[in-house]
Amino acid sequence: MKSLLSAPILRRIALAAIVFWVAALVATGGLAGKLGGAEKNDATTWLPKSAESTKVSELTGKFIGSDVYPAVVVYERGDAVSNSTARARAESDAHRFATLPQVHGPVPEPVESEDGKAIQVVVPISVGVKGVTDALPTVRSIRDIVSDAGMSAHVTGPAGYGADSADAFSAVNSTLLYVTIAIVMAILLVTYRSPVLWLLPLVCVGVALTVAQGLIYLLAAHAGLTVNNDTEFLLTVLVFGAGTDYALLLTARYREELRRTENRHVAMATAIRRAGPAIAASAITVALSLLCLVVADLNSTKSLGPVMAMGVLVSFAVLTTLYPALLVLCGRWIFWPAAPRFGDPEPAGSRRGNRLERLITSRPRRVWQVTAVTLAFLSLGLFGLHASGLRAQDTFRNRPDAVVGEQVLLEHFPGGSGDPVQIIGPASDADRLRDLASGVPGVVSVSTPVRADGLAYLEVTTADVTGSDAAFATVERLRSVVHSLPDAMVGGSSAVALDTQKAARHDRNMVVPLVLSVVLVIMALLLRALVAPAVVLATVVLSLAAALGVSALVFDTVLGFAGADPSFPLWAFVFLISLGIDYSIFLMARIREETANHDTATATVIAVRTTSGTITAAGVVLAGTFAALLTLPLVFAAEIGFAVAFGVLLDTFVVRTVLVPALAIDLGERMWWPRRTRLDSREGGAIPDPIVKQTI
C-alpha cells in the first residue's frame, strides 16, 4: 500500500489522467458543436405515442402535409388606409409568401375581420427535424416582406412563436455561458483569494461540458435520445455548478492535508481518499435522481434524466481526476498568496460562526423547532403556485413580434384563428363529426370535411386563444362528443398543451416517490444508518417546499408571470432534492467520520467548523450558476433559475448551517441507529476535545 502512495507513482498517475482527458477532449470537441443540430423542439415529439394529440398529429400528414405549421400574418389598417388598398396589399403579399422555399402548398386567400379593421393571411410552413423552430428563416422572410406594407403587420401563430423562440435561444447558449463563467470566476476569486487558482476549476469544467455535450450528441444521433433547447441550457448551468462544487470540496480537503503532509502528491491522495466518498455519493445521488425521470411519459422530461446525469457523471470524473492532477503538478504556489505550508495551524472560525455555534449547541431543540416552523410557514406559498401551463404569449419575458401579433389578432378575430383544433375520424362519419363539433360551446366554425384513405379531417376554430384554460375546456367538450363515434380523435395545439399538462401530472406522481426512495437508500448506504438519512431527507423536503412557496410568491407578485409550465414543479423538485441534499451529505459524512473519536454533538461542531466555508462557497457557486438563467428572456428558464438558486441558498445557509446541526446535536447517538458509533462500543465514553468542550 505504501508503494502505491509513493510520489513517483502518483506523479505518473496524474500525467496519465491529463493525457486521457486531452484525448477525450479532442475526440468529442467536434461532436459537441453538433448538439444543437440534433434538437427536437416540436411539442408533439415530447408527448408519448399513446397521447391522443400525438396520434392526430401523425394522421394529419395525409391532409395538410407532414410537419406543417401555420404562420398567421395579421394586418391592422389605420384610418389613412382604405379597405381596398389593404386587401390588395395583403393579396399581393400572399402571392409572394407562396414563393418562399418552406411554404407548403397554396397560401389561402386573405380573410378580413368582421369590424373591417384587420386582415389575416395563414401561411403553411413546412419544417424539419428540429420542429417548429425550423420556421425561423421563412418567418424572417415573411417579416421582411410585410415590413414595407404601409400599415401595421405582424407574424404570429405557431410558426411565428416557434421562430421567436428559436431567435431567443440563438443567443442563449453563448450569453448564458459567458454570464455563468463570469459568476463562477467572481465567486472563485473571492473564495480562493488567488489570482490564478480559479483558472483550474474553470478549465476542468469546460472540459467536462465539452465531453458531455459530445457524448450526448452521439446518444441523440444514434440512440434515439431526445434533446431540445431546454436540456442544452440546463446542462450548461448544471455542469458548471456541480463541477465547481466538486472542485471546491476537493480543494478544501487538499489544502487541509497540505498543512499535515509534506509531500503534495501524498496529500492529494489522502484528500481524495477522505473526501472522495462524499463527493462520489453526491454525484451518484444527483445522477440516479435525474435518471428517475426516465419513467416519465413526457419525452422532454424523460430525456432530461440521461442528459443531466451524463453531465453530472462526466463532471465528477473530470473534477476528481484531471483537476487533482493539475493541482499537484502545479505545486503549492498555485494557492499564492496564501499557499498552505507544512505544519501551518488550522484557520480559526469567524466570530459570527462562533456565536451561531454557541446558540445551536446551547439550545439545539429550540433552534431546530423554530427553524422548521419558519420553513413550514414559507411553504404556504405553494398554494399560490399555478403550474397548469402558459399560453404562448406568456412564455416570453419580453414582447416579440408573435406576442404583439396575437394581441392584434385577438382584437379583431376569434381566439383560435390560424391555429385550429383538428379532428380526425372515419370518412363515413364525416358529416356526423361536423354536426357534433358545430354544437359544442366555444366553437366558432367548423371546416368542410376532407376525406382521404378512409379518414375525414376537420378544422375547428375556437373562440378562445390557443393554450388558454377556456380553450382546454373546449377541447375536453369536443372530445366528449366525438368519442361517441369509433376511432374519432381531437388534436391540434390546444390539445397538445392539454395532453402535456395531463402527462406532467402523471410524471410528478411517478417520479417524486421514486427520487425520494433513491436518495434515502444512497444516504443510508453512505452513513450506514436509518435515522440520519430520514432526518436529513425530511429537512431537504421541508426546504424544497419553502423554496417553491417563496418562488410562487415572487413569480406572481414581483416578476408578474402568468403561471408556470406543467413540468416546472417536477424539474424544480428533482434539481432541489438532488442538489440540495449534497451539502447535507457532505456535512453528515464529515460528522460520521468524526464520530470515530468524538460523541455526535462534538463531532457535529467539528464537522460544521471544518466544512462551513467550503460548503458555503459551493452553495453560492451553484446558486449563482442557476441564477444566470434569470438573464434569459424565457419565463421557464427564469422560474427554474430563481427556484433552484433560492432553494440552494436556503439549503446552504439554513438547512446545512442551522437545521441539520441542531437536529444532530439534539438526537445525539440516536442519529446513527441501528449502527453504534465507535465511541458507544468503547469503555469510558467520548474522547474530550478541549476546544469543543468550551462551546458545548
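Which one of the conditions (1) farther than 13 Å from residue 495 by Cα; (2) in contact with a Pro (Cβ under 9 Å, 6 or more places away or on another chain); (3) assigned to a helix (DSSP H, G or I); (4) free of Cβ contacts under 8 Å to residues at least 40 places away in the same chain does residue 435 fail to meet, given that it meets all the rest? Every listed condition holds for residue 435 apart from (2). Within the range 210-224, which residues are at pLDDT 85 or above and either outside any helix (DSSP H, G or I) or surrounded by fewer than 23 Cβ atoms within 10 Å (Cβ to Cβ) (or both)? Scanning the range 210-224 gives 210, 214, 215, 217, 218, 219. The number of residues in the range 546-576 being modelled with pLDDT under 90 and either under 24 Å from residue 302 (Cβ atoms) or in the same structural domain as residue 301 (by TED's automatic domain parsing) (or both) comes to 14. Scan (1) in contact (Cβ under 8 Å) with a residue 40 or more places away in the chain; (2) farther than 28 Å from residue 121 by Cβ; (3) of a type in the set (Gly, Ala, Ser) for the single condition residue 493 breaks and write down its number. So the condition that residue 493 fails would be (2).
Tell me, yes or no, whether the range 333-352 has at least one residue that is in contact (Cβ under 8 Å) with a residue 12 or more places away in the chain and of a type in the set (S, T, N, Q). No, that holds for no residue.
If the condition is being within 23 Å of residue 62 (Cβ to Cβ) and of a type in the set (Asp, Glu), then the range 457-480 contributes only 459.
As a summary of the residue check, residue 37 satisfies the conditions (1) surrounded by fewer than 20 Cβ atoms within 10 Å (Cβ to Cβ); (2) in a loop (DSSP other than H, G, I, E, B); (3) at pLDDT below 80 except for the one numbered (2).
Only one of the numbered conditions (1) at pLDDT below 90; (2) surrounded by fewer than 20 Cβ atoms within 10 Å (Cβ to Cβ) is violated by residue 404, and that is (1). Candidates are the residues of the range 76-105 that are outside any helix (DSSP H, G or I) and of a type in the set (S, T, N, Q); the one that is surrounded by the most Cβ atoms within 10 Å (Cβ to Cβ) is 102.
Residue 108 is checked against (1) outside any helix (DSSP H, G or I); (2) within 21 Å of residue 419 (Cα to Cα); (3) touching a residue at least 40 places away in the same chain (Cβ under 8 Å) and fails just one. What number does that condition carry? For residue 108, the failing item is (3). Within the option set 51, 71, being within 20 Å of residue 458 (Cβ to Cβ) and either modelled with pLDDT under 85 or buried (at least 20 other Cβ atoms within 10 Å of the Cβ) (or both) holds for one residue only, 51. Would you check if residue 622 is crowded, with 22+ Cβ neighbours inside 10 Å and in contact (Cβ under 8 Å) with a residue 24 or more places away in the chain? Taking the combined requirement at face value, the residue satisfies it. Looking across the range 473-490 at every residue that is touching a Gly at 6+ places or on another chain (Cβ under 9 Å) and without any contact (Cβ under 8 Å) to a residue 60 or more places away in the chain, the one that is farthest from residue 426 (Cα to Cα) is identified as 473.
For beta carbons closer than 6 Å, sequence separation of 6+ or different chains, a first residue in the range 584-606 that is over 13 Å from residue 669 (Cα atoms) and a second that is buried (at least 24 other Cβ atoms within 10 Å of the Cβ) and among the charged types (D, E, K, R), the qualifying pairs are 584/656; 587/656.
Residue-wise test of (1) buried (at least 23 other Cβ atoms within 10 Å of the Cβ); (2) farther than 18 Å from residue 576 by Cα; (3) of a type in the set (Val, Ile, Thr).
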position: 226; (1), (2), (3): no, yes, yes
position: 247; (1), (2), (3): yes, yes, no
position: 271; (1), (2), (3): yes, yes, no
position: 281; (1), (2), (3): no, no, no
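Residues in the range 121-159 that are crowded, with 22+ Cβ neighbours inside 10 Å, among the hydroxyl-bearing types (Ser, Thr, Tyr) and either at pLDDT below 80 or part of a helix (DSSP H, G or I) (or both): 2 in all.
Say we look at the range 299-308 and pick out the residues that are surrounded by 24 or more Cβ atoms within 10 Å (Cβ to Cβ) and of a type outside the set (Ser, Thr, Tyr); which of these is modelled with the lowest pLDDT? Residue satisfying both the conditions and the ranking: 304.
The values are calculated or read from the model by the stated rules, or taken from the named source; none is laboratory data. Not measured: the values here are computed from a predicted model. For neighbour counting, all protein chains shown are included, and Cβ atoms are generated from backbone atoms with ideal geometry for every residue, glycine included.
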